[in-house]
Amino acid sequence: MKELMIIAALAVSLSAFAQTDTTKVEKDSVEGWQFTTVDSIAITPVKNQNRSSTCWAFSTLGFLESELLRTGKGELYLSPMFVVSKTMMDRATYCVRMYNEPHFAPGGSAYDVLYCLKHYGLVPFEAMPGIRYGWTEADTLPVHSELDHVAGGYLKGLNGLKKLSPVWREGLQAIYDTYLGKCPEEFEYQGKKYTPRSFAESLGLNADDYISLTSFTHHPFYETFALEVPDNWRMGEMYNVPLEEMMRVIDNALANGYTIAWAADVSETGFTRKGIGVVPDEDKGADLTGSDMARWVGMSNDKKKEELTKKPLPEKVITQQMRQDAYDNWETTDDHGMQIFGTAKDQNGKRYYMVKNSWGTVKSDYKGIWYVSEAFVQYKTLDILVHKNAIPKDLQKKLKLR
């Protein structure tokens, strides 16, 4: 009964964050910004990862949910916490085998979700909604600070031991089971019994159909490599292509009804909590905003960010070298995962990508949707995940995918 109450409470919470069907939205307007939808692909409602480092799970599962819509399977909500539990246990095992040299952290990547799909399966949200996020059953949104601290402390406590017992994994699993709920071995969904593997098979999703791409010059183009970021701890490989090719893949995908799972750096001045992602030239901030230089120099960084994102402004012209420099000097880091699902234009005719985030719908100006400029995507993309058929055929041939 308690579990049913939790599921019901979570369902109410999710309904509060349900978005308007974006395929029907014509215009979004906030003071200084006016967006008109050009095209959009069907997505499931915006979710809320709340205070948890699980954007990688929410965004990639959202991407797979759109794949299910595209292939006629209907609208499903897949359980992020099933993927989180499986992934964090694998990551802990990896860290222990490496004598805890890599730092154990709660992050992950799109590759982790595909690995889970292929090796463990998936479950619907109803089968594993997640529990014990707060003090009461009403605290239904994820709050993982305590979980992360406890799990990290458990791993750290293994350091210095001469020999590990064969049950250390069971102890850690008990922590995740307590905070997230146990991963079901069997469950009933819509009148049928499934295991996680049989449920995944019923969805018709093949992990090998999905391809990751990136664009950096420290590895050869048109070959694969494992992007050197901490959350790519499985060393998942991706195809390296020139910047213009990566952008062509995104546009080709959208033009043909495919969405994109997008890993990006959102720590930039131009990425706001309200739903905008742009790359204004901060060095020309006074000129761009029409501010007195003395006043501009004296502004706080937060105030400068506010001024630079009040309305459409000229942006930096992004080059391949700028991307590489930002990655090499730690200005571009693997911060966040989202889903690109459409395009729009602002009041000046400038093109933007429409992005589904996982920060809920209450605090953003566009009900959980972000409008991100082409320059921002060019500059701050770490990698993208797409169905292989979304890649232009000539590039498929060049990458030896066909």
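Read-outs throughout are calculated quantities, based only on the coordinates presented, and are distinct from any laboratory measurement. What you see is a predicted model; the values in this text were computed from it and never measured. Using ideal geometry, Cβ is built from the backbone for each residue, glycine included, and neighbour counts are taken over all protein chains shown.
Looking at region 177-322, the pairs of alpha carbons with a distance over 28 Å make up 49% of the total. In this structure, the residue pairs whose Cα-Cα separation is over 24 Å, taken from K284/K350; K73/K193; K303/K363; K182/K274; K118/K380; K73/K192, are K182/K274; K118/K380.
Here the label points at D292 and R51, each 7 Å from Cα along the C-beta direction, are separated by 4.2 nm in the simple model. On the basis of the beta-carbon distance and an R0 of 25 Å, M98 and K400 show a calculated FRET efficiency of 0.20. What is the list of residues in region 366-394 whose amide nitrogen lies under 13 Å from a point 7 angstrom out from the Cα of N348, following Cα to Cβ? Inside the label zone: 373-375.
Separation of region 94-127 from region 172-250 is 9 Å, based on Cα centroids. Residues whose amide H comes within less than 5 Å of that of R51, counting only those at least five positions distant or on another chain, are H144 (H built at 1.01 Å from N in the peptide plane). Counting neighbouring beta carbons within 10 Å and listing from fewest to most, the residues F225, F35 come out as F225, F35. From the coordinates of this entry, Rg and Dmax of the Cα atoms in Å is computed, and it appears in (1) 26.0, 94; (2) 24.0, 90; (3) 21.6, 68 under the label (3). Mean-square fluctuations from a GNM of the chain, with a 10 angstrom spring cutoff on Cα atoms, peak among M293, M235, M322 at M293. Rounded to the nearest 0.05, the FRET efficiency derived from the C-beta distance between E282 and E223 at R0 = 35 Å is 0.50. Calculate, for E31 and M299, the FRET efficiency according to 1/(1 + (r/R0)^6) with r their C-beta to C-beta distance and R0 22 Å; round to the nearest 0.05. The pair E31/M299 has a calculated efficiency of 0.65. Only Cα pairs within less than 10 Å get springs; with that Gaussian network setup on the chain, which residue of N232, N348, N389 has the largest fluctuation? Comparing N232, N348, N389 in a Gaussian network model of the chain, the most mobile one is N348.
GNM remark for the chain: springs join alpha carbons under 10 Å apart, and the peak mean-square fluctuation among L203, L78, L227 falls on L203.
Put a plus charge on the Cβ of each Lys and Arg, a minus charge on the Cβ of each Asp and Glu, and nothing anywhere else: the dipole of region 225-358 about its Cα centre is then about 720 debye. In the chain, the calculated helix contribution to ellipticity at 222 nm averages -11000 deg cm²/dmol per residue, counting -39,500 (n - 2.57) for every DSSP H run with n ≥ 4.
Listed from fewest to most Cβ neighbours within 10 Å, the set S59, S85, S29 follows the order S29, S85, S59.
Rounded to the nearest 20 debye, the dipole size of region 315-402 about its Cα centre is 640 debye, using +1 on the Cβ of Lys and Arg and -1 on the Cβ of Asp and Glu.
The packing ranking of peptides 355-361, 272-278, 251-257, 216-222, highest mean first, is 355-361, 272-278, 251-257, 216-222, where packing means the average number of other beta carbon atoms within 10 angstrom of each residue. As a proxy for reagent exposure, V241, V46 were ordered by neighbouring Cβ count within 10 angstrom, fewest first; the result is V241, V46.
Given Cα pairs under 8 Å that are at least 6 residues apart, what percent is the relative contact order of the chain? RCO, the chain: 23 percent.
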